[in-house]
Amino acid sequence: MQACTEHDNSMADNALPPVMTAVTRQSGALRAARELAGQLRGQPLALVLFFCSAEYDLEVLSTGLQQEFGVVPVVGCTTAGEISTAGYERSSITALGFSSSHFTVASVLVDRMERFGLHDAQEVVEGLVRNCRNHALAPIKGHSFALTLLDGLSNREEVVLAALSAAMGGIPHFGGSAADDNHLSLTSVYYGGQFYSNAAVVVLFNTLLEFEVFTTHHLQPTADKLVVTRVDSSSRRVLELNAEPAAEAYARCVGRRPEELDLYSFASNPLAVRMGKHYYPRSIQQVNSDHSLTFYCAVENGIVLTAMRPGSLQDNLHQLFAGLHERLGDTLLTIGCDCFLRRLEAEGRGEQEQVAAILRQYGVTGFNTYGEQFNGMHINQTFTGVAIGQRTFSRT
């Protein structure tokens with residue numbers, strides 16, 4: 001675990017935009033870094049946050065980002081697709097530059113997720129809060145939110161998030177799991193001039209601007225249930241559902257044969273765990289040769305999985321943003337962590353342009369993930385993020 005870095009602020013010019021957005025579709029990593037820097041120049045930045053296709057040469061991209069941004073802190077991760085203010089992207093890098101006049105930011109790298117526990121989480125959060133408080137624009141409580149970017153193939157998201165959530169107290173937090181364009185081979189987060197695997201980045205933002213951390217999904221429960229009766233928890237591999245090979249039980253539940261199961265089947269026929277009145281999706285990653293199913297989230301023996309029915313992606317997003325507008329007024333932008341299975345579903349239904357238009361309408365910048373994080377929970381098949389408003393809180 002590396003020490004927190006604090007990112008200073010100055011209230012010198014409030015007329016400058018609080019957040020700048022950028023996107024590059026340059027195929028060369030050095031040219032891409034140069035184009036991003038050109039779009040984000042013009043004011044002191046507290047942080048640059050980026051999301052990049054795994055197609056880039058990450059070592060070369062690291063060099064380019066260091067050359068172009070110098071002492072400005074930069075964090076980011078690889079994706080299964082990018083989202084810019086123009087909508088869905090592929091083979092691109094999207095980025096956000098946070099003005100030091102409107103944000104105080106502190107960040108830290110967790111470089112050994114397998115050893116991360118509650119004591120480590122307490123040290124991380126205390127360091128982040130201490131560094132933000134030194135130059136805070138507003139009290140930490142009520143004026144701060146945290147972002148987590150985690151290696152999406154680490155199988156450690158739940159443990160890390162549970163520890164961080166216990167240490168965060170009342171600070172709302174969200175995030176996404178790094179992806180690799182659906183290759184399932186190498187996912188990376190970026191911090192301090194390098195890309196890391198089996199690592200996480202935690203960022204704390206303090207601001208006078210109003211904001212809301214949110215999560216939403218468009219799935220509705222059916223009456224069909226599947227009980228996990230045999231599992232290898234360490235690999236998230238479910239061997240049996242309802243005491244029979246997992247792929248066979250799932251395929252029968254969704255009206256398909258095991259050999260017909262693919263990513264679109266999983267996107268169109270998700271499963272979820274019920275907690276209280278709410279359902280939290282648990283997405284399937286792949287079918288294995290022994291007819292077991294590997295999941296993106298942790299699964300345990302005895303868990304009851306409810307078969308879910310997709311509703312309207314478009315209605316779900318319109319309702320989300322209508323509610324955010326009612327509470328925040330006009331927004332500057334939304335940082336969105338959108339499960340890649342939602343995008344796959346939209347593409348399968350031929351709705352990708354309509355969904356992208358909604359994201360564009362509401363100024364979403366973000367990425368397609370291998371999992372989302374919301375206040376300590378690791379979830380799938382959701383749209384999770386933070387909406388940042390144009391209004392400011394009164395100083396207290």
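Every read-out reported here was derived from the displayed coordinates using simple, explicitly stated rules and does not represent laboratory data. These figures come from a predicted structure and were not determined experimentally. Glycine gets a Cβ as well: all are built from the backbone with ideal geometry, and neighbour counts include every protein chain shown.
List of remarks:
- Charge context of residue 355, other residues only, Cβ under 14 angstrom, K/R +1, D/E -1: -3
- Anisotropy class of region 218-278 from Cα gyration tensor, a/c 1.5 cut: oblate
- Environment charge at residue 251 (Cβ cut-off 14 Å; Lys +1, Arg +1, Asp -1, Glu -1): -4
- Only Lys, Arg (+1) and Asp, Glu (-1) charged, at Cβ; the chain dipole about Cα centre in debye: 720 debye
- Simple spin-label estimate for residue 256 and residue 57 in nanometres, 7 Å along Cα-Cβ: 3.8 nm
- Sorting 67-79, 378-390 by their mean Cβ neighbour count within 10 Å, with the most densely packed peptide first, gives 378-390, 67-79.
- For a modelled paramagnetic label at residue 248, 7 Å from Cα along Cα-to-Cβ, the residues of region 274-318 in reach, with backbone nitrogen under 19 Å, are 287-294.
- Paramagnetic reach from residue 375 in region 119-157 [backbone N under 18 Å; point 7 Å along Cα→Cβ]: 141-148
- The length gained by stretching the chain between residue 314 and residue 289 to full extension, at 0.36 nm per residue less their Cα-Cα distance, is 5.4 nm.
- For region 43-182, the fraction of C-alpha pairs farther apart than 22 angstrom is 45 percent.
- FRET E, pair residue 278, residue 134, Förster distance 45 Å, beta-carbon r, rounded to 0.05: 0.75
- For the chain, the longest principal axis of the Cα atoms and the long axis of helix 58-69 meet at an angle of about 20 degrees.
- For region 41-172, the share of DSSP beta bridges that are antiparallel, to the nearest 5, is 60%.
- Full extension of the chain between residue 115 and residue 25 yields a length gain of 28.7 nm, computed as 0.36 nm times the residue separation minus the alpha carbon distance.
- Compared with the dominant Cα axis of the chain, that is its longest principal axis, helix 29-40 is turned about 60°.
- Average Cα contact separation per residue, the chain, under 8 Å, 6 or more apart, as relative contact order %: 20 percent
- About the Cα centre, charge dipole magnitude for region 219-309 (Lys/Arg +1, Asp/Glu -1 at Cβ), debye: 420 debye
- Per-pair calculated FRET efficiency, R0 = 30 Å: residue 360 and residue 66 via Cβ, rounded to 0.05: 0.45
- Summed side-chain charge close to residue 177 - residues other than residue 177 whose Cβ falls under 13 Å, Lys, Arg +1, Asp, Glu -1: -4
- Computed helical MRE - 222 nm, the chain, DSSP H runs ≥ 4 contributing -39500 (n - 2.57), nearest 500: -8000 deg cm²/dmol
- The overall shape of region 343-396, judged from the alpha-carbon gyration tensor, is oblate: a/c is not under 1.5, and a/b is no greater than b/c.
- Secondary structure note: in the chain, about 85% of the DSSP beta bridges are antiparallel.
- For the chain, alpha-carbon Rg over 2.2 N^0.38 Å: 0.95
- Using bins of 10 Å that start at zero, the share of Cα-Cα pairs per bin across region 94-140 amounts to 23, 41, 29, 7, in whole %.
- Folded to 0 to 90 degrees: helix 313-328 orientation relative to the chain principal axis, Cα: 40 degrees
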